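Read the structure below first, then the notes.
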Number of protein chains: 2
Amino acid sequence: MRIADFKDTAGAFCPHGRFGLQGAATGLLSGRTFAVKDFIDIEGHVTGCGNPRWLETHAPATATAPCVTTLLAAGATMIGKTISDELAYSLNGDNFHYGTPVNAAAPDRVPGGSSSGSASAVSAGLCDFALGTDSGGSVRIPASYCGLYGIRTTHGLLSLDGVVPFMPSLDVLGWFARDAALFAAVGELLLPPAKTRPPLRRLMRSLDADGEADSTTLDRLAPGFAALARRLGNTTPIRIAPDGLEKWRIQFRLLSAVETWAVNGAWIEQAKPVFGPAIAERFAFAREVSGRDLSAERDARARIGQRLRDIVGNDGVICLPTAPGPAPLRTATGEAVEAFRQRAQRMTCISGLSGLPQISMPAATVDGAPVGLSLIGPPGSDLDLLALAVELEGAIRPSESATSR
Amino acid sequence: MRIADFKDTAGAFCPHGRFGLQGAATGLLSGRTFAVKDFIDIEGHVTGCGNPRWLETHAPATATAPCVTTLLAAGATMIGKTISDELAYSLNGDNFHYGTPVNAAAPDRVPGGSSSGSASAVSAGLCDFALGTDSGGSVRIPASYCGLYGIRTTHGLLSLDGVVPFMPSLDVLGWFARDAALFAAVGELLLPPAKTRPPLRRLMRSLDADGEADSTTLDRLAPGFAALARRLGNTTPIRIAPDGLEKWRIQFRLLSAVETWAVNGAWIEQAKPVFGPAIAERFAFAREVSGRDLSAERDARARIGQRLRDIVGNDGVICLPTAPGPAPLRTATGEAVEAFRQRAQRMTCISGLSGLPQISMPAATVDGAPVGLSLIGPPGSDLDLLALAVELEGAIRPSESATSR
């Protein structure tokens with residue numbers, strides 16, 4: 001039997017991504033399987049970025065991304081490449097061309113995106129873990145929606161060789177897993193060896209991020225917040241954005257649009273791809289703002305980064321709900337989805353704009369659908385955050401009976 | 001809004017097939033919409049044949065197939081290209097790479113194939129009619145499973161310019177529609193003008209085809225058979241294959257394998273595509289038998305064709321259940337699906353091997369899922385069969401209350 005010769009019950013894999021790569025016989029991840037977001041290169045295969053026209057107009061990759069070769073060398077077997085939102089420009093996970101991968105933890109809801117297929121494949125048990133990328137929440141949001149562990153790594157910490165750039169000042173690698181031990185083990189392999197750092201010990205809670213979340217979601221996350229406080233000491237309430245997270249979101253929106261147009265605009269003008277309606281609208285906006293002088297915005301962004309680094313120092317950690325609530329229903333209208341996305345962006349832009357690492361942990365369910373609890377740490381504290389996830393798994397994770405619907 | 005800018009709720013369209021072509025302002029089909037199986041060329045687009053590697057290794061078509069241009073000129077608007085089984089080599093409709101399009105008439109069941117996406121799109125109301133191809137049942141079977149009208153045209157009657165060849169001595173064009181009037185109107189446009197023929201008046205019923213069908217299916221089709229008899233006079237029971245339909249199926253299987261390897265074998269050896277498990281097995285068989293001397297089989301086939309033409313003469317029509325029963329469940333095991341497919345092939349190979357035209361009409365439901373009633377007519381009687389479908393629609397079609405589940 002070929003490695004990729006399984007039934008894709010979740011609709012998580014790209015049509016052109018049904019191939020596998022056998023991992024080394026021994027290693028830390030021996031016997032484990034993983035999937036790769038179709039933004040990450042595999043030698044000899046075209047990386048499709050969620051759009052069929054992209055697939056059609058690009059040549060096969062000439063090398064495999066180092067993150068993938070590292071995992072293979074550690075014994076993990078790659079079973080296929082997963083669907084993403086088009087050019088990673090969405091948080092929803094409903095690709096117009098390739099369909100909406102199944103959120104196995106809440107089948108009537110979207111999986112979240114843009115690393116939708118990776119989250120879907122792990123949620124459905126098709127593989128043990130999966131690689132994604134996160135520019136504006138593309139790992140954290142699907143992790144929260146699908147009841148998985150997910151990490152956005154410190155910006156610049158991991159090589160993006162072999163990863164298609166989308167918004168270079170925002171793009172990072174991340175991954176999903178169902179359990180904390182494997183979630184952390186992948187980090188041990190991919191992340192640089194831990195530097196000596198003071199332990200994370202100052203817990204802060206973002207009141208402004210809380211303000212974006214549904215009240216039921218906050219209620220259900222209360223035991224998780226309490227478990228964090230038991231482990232890390234008293235919680236200090238803070239306000240992250242003195243001028244409001246909506247300003248930060250607008251900042252993020254403009255910056256991401258200008259960057260993605262700088263990277264993809266020429267191709268879009270030349271190849272004239274068909275995009276799904278929401279993505280087409282977003283690229284129309286990106287095109288419109290593409291010429292704009294962003295020096296004021298870049299200054300503001302630098303101040304945001306500095307403010308966040310000051311807040312966390314070298315031992316602080318900020319906790320917040322990963323998303324406003326559980327995933328939108330698959331049947332939700334475009335308008336409702338867009339409103340929800342904007343609230344989510346006000347929460348995800350915090351580590352996006354500042355480059356700080358963030359993990360999302362499955363922590364509760366609302367109406368039977370998962371919601372995640374996030375931790376944002378100092379730059380380079382990725383391994384410490386992963387260790388916290390392992391330590392806290394029993395205390396934070398909803399019990400089986402609580403999650404059963 | 002672009003023509004193809006709709007939500008593909010059925011997962012019926014290819015990722016690379018989300019584009020439209022506006023029909024002429026006036027014409028017989030003005031205001032109607034249609035979809036095209038991704039075996040039929042549209043200028044400037046690669047025809048994908050249900051396999052991503054095929055898509056990757058073929059150039060865009062340099063002309064649009066005449067069947068499509070005819071429909072566009074008659075005012076119909078093309079809304080996209082639909083998923084098919086890989087290289088059309090299945091009757092099931094579960095594409096390993098692109099997923100299983102939804103059978104809107106029985107969502108827990110497969111749509112049937114290989115023209116799966118075309119049937120799915122029409123069943124879901126995404127368009128008014130759709131083009132397919134039929135070599136071994138690829139229009140008739142999905143028509144039966146999805147509760148649609150479907151036709152396999154007389155072999156050689158319609159040009160296959162711009163249609164990717166699969167099994168040249170068996171391939172024909174066909175189409176699906178929800179109502180008989182449109183079903184016939186498409187025929188008026190695509191088929192050559194009617195020659196003067198004697199009216200169809202001798203009704204025969206195939207006892208050996210009946211023998212392949214489930215008894216419940218036969219029971220439910222009884223009113224349909226009775227309506228046919230009221231219109232065409234007494235029914236003469238006949239045995240089509242004196243030596244048994246299984247011998248014919250084996251004949252069909254060998255012939256189709258040798259032909260498809262002759263057409264596609266070189267590409268398969270060179271491009272090394274990944275196939276889903278069932279398709280891979282079938283091509284392995286095709287490769288194995290590819291060198292074989294088939295002169296005896298070709299003689300036998302000629303005798304089969306002659307026998308069928310003798311049976312129908314110029315005014316006879318054979319009625320039979322289109323398939324052994326309703327579509328297999330999406331969750332059915334490979335083994336069960338394969339056994340069912342072999343029974344279906346014993347029924348579909350009759351017109352396949354003889355080149356006679358066959359229509360399938362929605363006629364009953366079993367466990368709430370559609371089953372079709374078929375008519376096989378003399379060579380070139382396609383328009384007469386379509387006219388019969390229109391005439392009999394009220395008498396044969398299950399009433400709304402009977403089909404509601």
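All of the numbers you see were taken from the coordinates with simple rules; none came from a lab. Bear in mind the structure is a predicted one, so any value in this text is a computation, not a measurement. When we count neighbours, we look across all protein chains shown, and the Cβ atoms used for this are built from the backbone with ideal geometry, even at glycine.
Return the subset of A:Lys272/B:Lys7; B:Lys195/B:Lys247; B:Lys81/B:Lys272; A:Lys37/A:Lys195; B:Lys81/B:Lys247; A:Lys7/B:Lys37 for which the Cα-Cα distance in this structure is over 32 Å, preserving the input order. Intermediate results must be reported in sequence, preceding the final value.
Values: A:Lys272/B:Lys7 20 Å; B:Lys195/B:Lys247 35 Å; B:Lys81/B:Lys272 25 Å; A:Lys37/A:Lys195 29 Å; B:Lys81/B:Lys247 36 Å; A:Lys7/B:Lys37 23 Å.
Exceeds cut-off: B:Lys195/B:Lys247; B:Lys81/B:Lys247.
When both segment A:279-324 and segment A:183-259 are represented by their alpha-carbon centers, they are found 15 Å apart.
With neighbours defined as other Cβ atoms within 10 Å of a residue's Cβ, the residues A:Val139, A:Val186 order from fewest to most as A:Val186, A:Val139. On the principal axes of its alpha-carbon atoms, segment A:15-190 has extents of 40, 36, 31 Å, going from largest to smallest. At q = 0.12, 0.13, 0.15, 0.18 Å⁻¹, what base-10 log of I(q)/I(0) does the Debye formula yield for segment A:150-216 when every alpha carbon is treated as an equal point scatterer in vacuo? Evaluating at q = 0.12, 0.13, 0.15, 0.18 Å⁻¹ gives log10 I(q)/I(0) of -0.50, -0.59, -0.77, -1.00.
Counting only other residues whose beta carbon sits under 9 Å from that of B:Pro326, what net charge do I get with K and R as +1, D and E as -1? Numbers along the way, then the final one.
Numbers: positive: B:Arg109; negative: B:Asp214, B:Asp367.
Within the 9 Å Cβ shell, the charges total -1.
Taking Lys and Arg as +1 and Asp and Glu as -1, the other residues whose beta-carbon sits under 9 Å from that of A:Pro378 total 0. Summarising the label geometry, the points placed 7 Å from Cα in the beta-carbon direction at A:Glu338 and A:Arg303 lie 3.0 nm from one another. Projecting 7 Å from Cα along the Cα-to-Cβ direction, the label point of B:Gly265 sits 5.4 nm from its equivalents in the other copies, listed shortest first.
Between A:Lys272 and A:Ala222, what length in nm is gained on full extension when 0.36 nm per residue of separation is reduced by their alpha carbon distance?
Working: separation 50, 0.36 × 50 = 18.00 nm, distance 4.80 nm.
Extra length from A:Lys272 to A:Ala222 when fully extended: 13.2 nm.
Look at A:Trp175, A:Trp267 and count the other Cβ atoms within 10 Å of each Cβ; fewest to most, that gives A:Trp267, A:Trp175. What does the C-alpha gyration tensor say about the overall shape of chain B? Classify as rounded when a/c is under 1.5, otherwise prolate if a/b is larger than b/c, or oblate. Rounded, because the longest to shortest axis ratio a/c is under 1.5.
From other protein chains only, count the Cβ atoms within 10 Å of every residue's Cβ in B:66-79, then give the mean. Don't skip to the end; give the middle numbers.
Numbers: counts 0, 0, 0, 0, 0, 0, 0, 0, 0, 0, 0, 0, 0, 0.
Partner Cβ neighbours, averaged per residue: 0.
Extents of the protein assembly as shown, taken as max minus min of Cα coordinates on every principal axis and listed largest first, are 92, 57, 48 Å. Ascending distances from the B:Glu338 label point to its copies in the other chains, with the point 7 Å along the Cα-to-beta-carbon line: 5.1 nm.
Need one value for A:9-18: mean number of C-beta atoms belonging to other chains within 10 Å of its residues' C-beta atoms. Write down the numbers at each step before the final one.
Working: counts 2, 0, 4, 0, 3, 4, 16, 8, 3, 7.
Taking the mean over all residues of the peptide, I get 5.
Distances between copies of B:Arg307, taken at a point 7 Å out from Cα along the Cα→Cβ vector and listed shortest first: 8.5 nm. Between the alpha-carbon centres of segment A:152-179 and segment A:1-38 there is a gap of 20 Å. Please give the Cα centre distance for segment B:336-405 versus segment A:55-96, rounded to the nearest Å. So the separation of the two Cα centres works out to 44 Å. Among residues other than B:Leu218 with Cβ under 14 Å from its Cβ, the summed charge is -2 (Lys and Arg +1, Asp and Glu -1). Projecting label points 7 angstrom from Cα along Cα→Cβ for B:Arg239 and A:Ile250 puts them 8.5 nm apart.
With r as the distance between the Cβ atoms of B:Ile3 and A:Arg292 and R0 = 41 Å, compute the FRET efficiency 1/(1 + (r/R0)^6) and round to 0.05. Intermediate values should be presented prior to the final figure.
On the way: r = 33 Å, r/R0 = 0.80.
FRET efficiency, A:Arg292 to B:Ile3: 0.80.
Residue by residue along A:98-111, Cβ atoms of other protein chains within 10 Å of the local Cβ number 1 on average.
Order of A:Cys49, B:Cys349 from fewest to most other C-beta atoms within 10 Å? Each step should come with its number before you reach the end.
On the way: A:Cys49 23, B:Cys349 26.
In increasing order of surrounding Cβ atoms, one gets A:Cys49, B:Cys349.
Between B:Ala24 and A:Ser215, the simple spin-label model (points 7 angstrom out along Cα→Cβ) gives 6.4 nm.
Restricting attention to the protein assembly as shown, close to 65% of DSSP beta bridges with both partner residues there are antiparallel.
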